[in-house]
Amino acid sequence: VPSTPIDVPARGLDMWHRPFVPTGHTGGERCIKALQVKPRGAAAKAVVHHANTTFQLLQEDGSFEESGDRASEYAMGKLGELIPDGVCRVMPEDSYIRWDIHMYPGGLGATAVNDVIEGNIVELGIWLHPADYEYEYKQDLVSYNFMEGQRELLLPPNTGFMTQGMRSFDHPVRLDSFQPHGHLRLRSASLEIFYPETGQTEIIGMISNWSAVWHQSHIFEDDVAPLVPTGAVLIMKQWFDNTSANPNNPDPDQWVDYGQRTADEMSHFWMAVSHLDEEGYEKIVEEREAAEEEQRIAVSN
């Protein structure tokens, strides 16, 4: 599903492009197996800061309404997303893709070209399960901000800065993937789980030496994807470096506020979450314990 083309100048202010494009998918609601977003061409990869997609439904009056289902999220360097077996991220029938594409004229990173790009296009590839695919739970991809409605990120000049956010659920979940998002001053990020019953905290992911041109969705294997019991707390941390020691920092003497522009900063995590019930959670726990016991016996023999 390609976006509509747009010309990107060699230099200038950040640009946004938000077209609606029909998917052409008929035959009923389907479950998505994998997705990949690709700017078309090496030059496009240098200027497309992010490209997010949601499913939209065309109304009788010609307007569009969100289906409530996100397709994908892309930021510079991301390869793609895989949805585990047994869960469903929904693609509605007769839907449209609403693109939200942020472009940075002149480009960013080693492949920056500083050329005019004519007819810049971003493409979304969607792999579908068969129509008779069976699943137990829904999965969604959500941007978890550190604070509800937070827009208060402010980095003083020539300083370090750390943000921390928390999230809990009223039901058990499995974390299938996570991806921190930031701009030029972000340097590292971690994802942790705090268990109130034991008082213990478990680090389940850490990204160091961050680069804004290398956003990756860190996908957990099915048998080790973190299980978060009801009431446990996800702790999301990010560390920023607004000093000259940060090689990505264009100007350490600037105050940096929260914002959409490349020169601004952001602080959130994209996470793919499978929403379980208590029975499903216990079943997965028991299956993993049985597999560990099997492995222990095999090793001892």
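The values are calculated or read from the model by the stated rules, or taken from the named source; none is laboratory data. Being a predicted model, the structure only gives us computed values, none of them experimental. We place every Cβ from the backbone using ideal geometry, glycine too, and count neighbours over all the protein chains shown. These area figures cover heavy atoms from the full protein model, side chains too; ligands, DNA and RNA do not enter into them. Shrake-Rupley method; radii C 1.70, N 1.55, O 1.52, S 1.80 Å.
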Give me the residue from the stretch 256-282 that is open to solvent by 40 Å² or more (accessible area, probe 1.4 Å) and at pLDDT 95 or above and, out of that set, nearest to Pro84 (Cα to Cα). His275
Tally up the residues in the stretch 8-40 that are modelled with pLDDT of 95 or more, under 13 Å from Met103 (Cβ atoms) and assigned to a strand (DSSP E or B), please. 3
Met271 fails exactly one of (1) farther than 28 Å from Asp176 by Cα; (2) assigned to a strand (DSSP E or B), namely (1)
Some residue of the stretch 208-229 being in contact with a strand residue (DSSP E or B) (Cβ under 8 Å, 6 or more places away or on another chain), at positive phi and modelled with pLDDT under 95: yes
Out of curiosity, is Ser95 without any contact (Cβ under 8 Å) to a residue 60 or more places away in the chain and more than 18 Å from the chain's Cα centre (by Cα)? no
Per the filter on the stretch 222-233, residues open to solvent by less than 40 Å² (accessible area, probe 1.4 Å) and of a type outside the set (Gly, Ala, Ser) are Pro226, Leu227, Val228, Pro229, Val233
So which strands (runs of 3 or more DSSP E) stay within the stretch 41-93 end to end and still have 1 or more residues that are more than 27 Å from Tyr137 (Cβ to Cβ) and open to solvent by 40 Å² or more (accessible area, probe 1.4 Å)? 48-58, 64-72
Testing Gln36 on (1) out of contact with any Gly (no Cβ under 9 Å at 6 or more places or on another chain); (2) open to solvent by 50 Å² or more (accessible area, probe 1.4 Å); (3) under 21 Å from Ala272 (Cα atoms), one condition comes back false. Which one is that? (1)
Every residue from the stretch 48-58 that is more than 17 Å from Glu29 (Cα to Cα) and not small (Gly, Ala, Ser): Val48, His49, His50, Asn52, Thr53
